[in-house]
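Asks: Structure incoming, see below.
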Amino acid sequence: MGIKWRHRALPAAPLALALLATGCVGTSGAGAEPKAGPSTAAARSVARVCAKPAAGPAKAPAGAVTVNPSVVGDLAAKTKSSPPNTTFWLRPGKHRLDPDRYAQVIPKKGNRYLGAPGAVLDGRKTNRYAFGGTARDVTIRYLTVQRFVAPHNEGVVNHDSADGWVIEHTTIQNNSGAGLMAGARQRVRASCLRGNGQYGMNAYKATGRISGLVVEGNEIVGNNTGDWERRRKGCGCTGGVKFWAVNGADVRGNWVHDNRGTGLWADTNNNDFRIEDNVLEANDGAALIYETSYNAVIRKNTIRRNNWVEGRRYADRGDSFPLATIYLSESGGEPRIRARTDKIEIYRNVLENNWSGITLWENADRFCNSPANTSSGDCTLLVKDTDRCARPAIATAPLYADCRWKTQRVDIHDNRFVLDKSVVECTVKCDRMAVLANYGTYPDWSPYQGERVAEAITRKQHNRWHDNVYLGPWNFVAHDPSRLLDSGQWQGTPYQQDAGSTFRARDGG
């Protein structure tokens, strides 16, 4: 988790537009256009798949094996006895596994599971996992998977993070742990990830990195019912979706809302993300956290009413940290790591009535081999051998630069930031944009002590706001939490931010 001092922790049109024909998409009001005229497709077309899921085939496709809901364990047994590349059609009704907690379906390569209208696979609060194993290229469509009890940090569907799975038009709801895990080349489309105990999806693979992940046109709502951040303070272990070490992801056209905690959270050595045309709203914490990760495009999203719960909690306890709705923590552009971009670009988004805006943060005490690096055992993608990041070598080039994740090359432009404090129901600390670090103190051999990192992130690492529109009483924080600036100071020397931007107060501010 990268909050404050205590770190734990695609060009194509969005699928939401294509789903209009299926009846899976509703409409939602949009804010006013940014001055650069970004697309508001995300705001107009929301993936409302939970309220009206698409129906599966009413009859078994030719050659499919029919699964009978009245026979306990029928799905697992027929999967075991059938060859790879078999299609299974689950009849309407509630399908059950054997009562053993570890009973589960173990697909074979290329298997396809299609649910008829009303087909539900129910774990009855007894079975831990629905679909597991390492078979590749498995497809699950039109099925509801519910009431499984996966342990903390484990998942119900694709429990073992096998590669090449396709999850479409599927409802995964009311499970413990994560509703869904992810492997390489996984496609999650037009699905409802709702009310799961920890994550809607945990994109984590125990060995190796996940590549080529697509999360498109889904509704991701009400997850983290177990409130894990309070049960394990600072665990950094919740979110609508959590991404770990994913290399290449397209997250587009989703409706991510009303999750307890963060909406989307990329944590530890992710790279090459495109997050676009989503609606991120009413999440208790940040809409988006991008932490100790690299190279991303965040564009054309509608982001509203996020971070009210966690932001107010910070303010009520007198905390001065600018907790924001888009939070970049030790993350930036790095040309040496191959991606579709060599920076983090945040543009053509509408942010409306969130608790604060965008914070760029870097913990001076967090680097490879530091006890303050709560991504324990991990190092940057630029240093393969963590043990190299030690004194005296860490104090010299290239390790001085490469042993720490850096918030650098962040380009924030052509966005619209709207704040009405009467809507957010706040008086202070909900109106911040920030670029800052702490004073480095730890450990005693750290070469990053003092104000070195704060000076670097604020003035030397090419972090830039420009050509944005601000409506409302915005303030700005630079260097450290004590430096609160108005727009004139923010634009003036030495910060020189938001060139070409406009600022206008509005009623209610």
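The values are calculated or read from the model by the stated rules, or taken from the named source; none is laboratory data. From a predicted model like this one, the values you see are computed outputs, not experimental measurements. We place every Cβ from the backbone using ideal geometry, glycine too, and count neighbours over all the protein chains shown. All accessible areas refer to the heavy atoms of the entire protein, side chains included, with ligands and DNA or RNA removed. Shrake-Rupley method; radii C 1.70, N 1.55, O 1.52, S 1.80 Å.
Asks: Mind checking which residues of the stretch 339-365 are in a loop (DSSP other than H, G, I, E, B) and of a type in the set (V, I, T)?
Replies: Listed by number, the list holds a single entry, T341.
Asks: Out of everything in the stretch 492-509 that is surrounded by fewer than 18 Cβ atoms within 10 Å (Cβ to Cβ) and among the polar types (S, T, N, Q), what residue ends up being farthest from L323 (Cα to Cα)?
Replies: Ranking the qualifying residues of the stretch 492-509, first place goes to T493.
Asks: Let me ask something additional. Filter the stretch 129-163 down to residues that are polar (S, T, N, Q) and in contact with a strand residue (DSSP E or B) (Cβ under 8 Å, 6 or more places away or on another chain) and give me whichever is farthest from H95 (Cα to Cα).
Replies: N153
Asks: While we're on this one: Among R312, R336, which is the only one that is of a type outside the set (V, I, T), surrounded by fewer than 24 Cβ atoms within 10 Å (Cβ to Cβ), more than 16 Å from the chain's Cα centre (by Cα) and not in a loop (DSSP other than H, G, I, E, B)?
Replies: One residue alone meets the criteria, R312.
Asks: A further question on this structure: Go through (1) open to solvent by less than 40 Å² (accessible area, probe 1.4 Å); (2) within 18 Å of Q186 (Cβ to Cβ); (3) not β-branched (V, I, T) for K108 and report which single condition fails.
Replies: That leaves (1) as the condition not met.
Asks: Ok, one more. Regarding the stretch 255-263, can at least one residue be identified that is at pLDDT below 95 and either under 12 Å from the mean Cα position of the chain (by Cα) or crowded, with 24+ Cβ neighbours inside 10 Å (or both)?
Replies: Yes, the stretch 255-263 has at least one match.
Asks: Looking at the stretch 428-439, is at least one residue surrounded by fewer than 22 Cβ atoms within 10 Å (Cβ to Cβ), at pLDDT below 95 and closer than 23 Å to D319 by Cβ?
Replies: So far as the stretch 428-439 goes, yes, one or more of its residues are surrounded by fewer than 22 Cβ atoms within 10 Å (Cβ to Cβ), at pLDDT below 95 and closer than 23 Å to D319 by Cβ.
Asks: Can you pull out every residue in the stretch 43-66 that is under 20 Å from V166 (Cα atoms) and among the hydrophobic types (A, V, I, L, M, F, W, C)?
Replies: A47, V49, C50, A54, A55, A60, A64, V65
Asks: Right, Q461: of a type in the set (S, T, N, Q), farther than 22 Å from S320 by Cα and either at pLDDT below 95 or out of contact with any Cys (no Cβ under 6 Å at 6 or more places or on another chain) (or both) or not? If you could, list the steps in order and put the result at the bottom.
Replies: Values: of a type in the set (S, T, N, Q): yes; farther than 22 Å from S320 by Cα: yes; either at pLDDT below 95 or out of contact with any Cys (no Cβ under 6 Å at 6 or more places or on another chain) (or both): yes.
It is true that Q461 is of a type in the set (S, T, N, Q), farther than 22 Å from S320 by Cα and either at pLDDT below 95 or out of contact with any Cys (no Cβ under 6 Å at 6 or more places or on another chain) (or both).
Asks: For the stretch 96-123, enumerate the residues that are charged (D, E, K, R) and either more than 21 Å from A178 (Cβ to Cβ) or more than 29 Å from the chain's Cα centre (by Cα) (or both).
Replies: Scanning the stretch 96-123 gives R96, D98, D100, R101, K108, K109, R112.
Asks: Specify the residue that is surrounded by the fewest Cβ atoms within 10 Å (Cβ to Cβ); the eligible residues are those in the stretch 469-491 that are hydrophobic (A, V, I, L, M, F, W, C) and part of a strand (DSSP E or B).
Replies: Within the stretch 469-491, the match that is surrounded by the fewest Cβ atoms within 10 Å (Cβ to Cβ) is L484.
Asks: Can you pull out the residues in the stretch 383-398 that are out of contact with any Leu (no Cβ under 9 Å at 6 or more places or on another chain) and crowded, with 16+ Cβ neighbours inside 10 Å?
Replies: If the condition is that a residue be out of contact with any Leu (no Cβ under 9 Å at 6 or more places or on another chain) and crowded, with 16+ Cβ neighbours inside 10 Å, then I394 is the only one that fits.
Asks: A further question on this structure: Report whether or not I303 is farther than 21 Å from C430 by Cα and assigned to a strand (DSSP E or B). Spell out the reasoning first.
Replies: Details: farther than 21 Å from C430 by Cα: no; assigned to a strand (DSSP E or B): yes.
The answer is no for I303.
Asks: Restricting attention to the stretch 354-372, which residues are surrounded by 24 or more Cβ atoms within 10 Å (Cβ to Cβ) and on the phi > 0 side of the Ramachandran plot?
Replies: S356
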